[in-house]
Amino acid sequence: MTLSKRTREQMLAHCGEIHDDDGVDPRDFFKTKQTRDKANRKATQLCSQVAETLGLVLTGDFDDELLHNLQVVSVDPAPDASQLAVSLRADVPGGRVDVQEVLDRLAMVAGRLRCEVATAISRKRAPRLVFHLVGPEETKEVQP
């Protein structure tokens with residue numbers, strides 16, 4: 001953390017030397033490491049609800065075979081819970097997937113997917129969904 005010259009001079013006026021913990025909020029400084037690094041529980045809960053809902057909707061609500069073959073790999077807040085990054089994997093029998101075609105079809109049904117998510121969660125505003133495809137080697141963990 002770099003300090004501006006003015007702030008540094010003000011701090012030096014009140015103490016003999018500056019340490020690493022000077023200028024740090026004591027509420028954050030005295031928290032345990034486990035509490036500081038803990039992920040937002042509500043955002044994690046929202047992501048699992050959205051993953052479950054999208055998994056159900058993609059497998060049964062559309063007449064498009066390409067969308068039926070998509071599996072939800074993960075849903076993560078990006079950068080917060082107002083926008084969610086949805087990672088999908090395509091299990092196409094031929095193994096060859098046109099990524100742009102899949103993303104175009106997802107863009108066509110994105111409004112319906114967001115509407116389904118809005119009915120499944122209890123929030124004032126439905127999060128915006130951003131889709132991207134991952135290959136079989138890039139899968140992290142499958143969320144229910």
Quick one: Val102 ticks every box in (1) modelled with pLDDT under 90; (2) surrounded by fewer than 17 Cβ atoms within 10 Å (Cβ to Cβ); (3) out of contact with any Lys or Arg (no Cβ under 6 Å at 6 or more places or on another chain) bar one, so which box is it? (2)
Counted residues in the range 105-124 being modelled with pLDDT of 90 or more and not hydrophobic (A, V, I, L, M, F, W, C) come to 6
If a residue must be out of contact with any strand residue (DSSP E or B) (no Cβ under 6 Å at 6 or more places or on another chain), of a type in the set (A, V, I, L, M) and over 18 Å from Arg112 (Cβ atoms), how many such residues does the range 64-86 contain? 1
Filter the range 87-99 down to residues that are among the aliphatic types (A, V, I, L, M), touching a strand residue (DSSP E or B) at 6+ places or on another chain (Cβ under 9 Å) and modelled with pLDDT under 90, then give me how many there are. 3
Does the range 1-50 hold any residues that are hydroxyl-bearing (Ser, Thr, Tyr) and at pLDDT 75 or above, and which are they? Thr44, Ser48
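The values are calculated or read from the model by the stated rules, or taken from the named source; none is laboratory data. As the structure is a prediction and not an experimental result, all values here were calculated from the model. For neighbour counting, all protein chains shown are included, and Cβ atoms are generated from backbone atoms with ideal geometry for every residue, glycine included.
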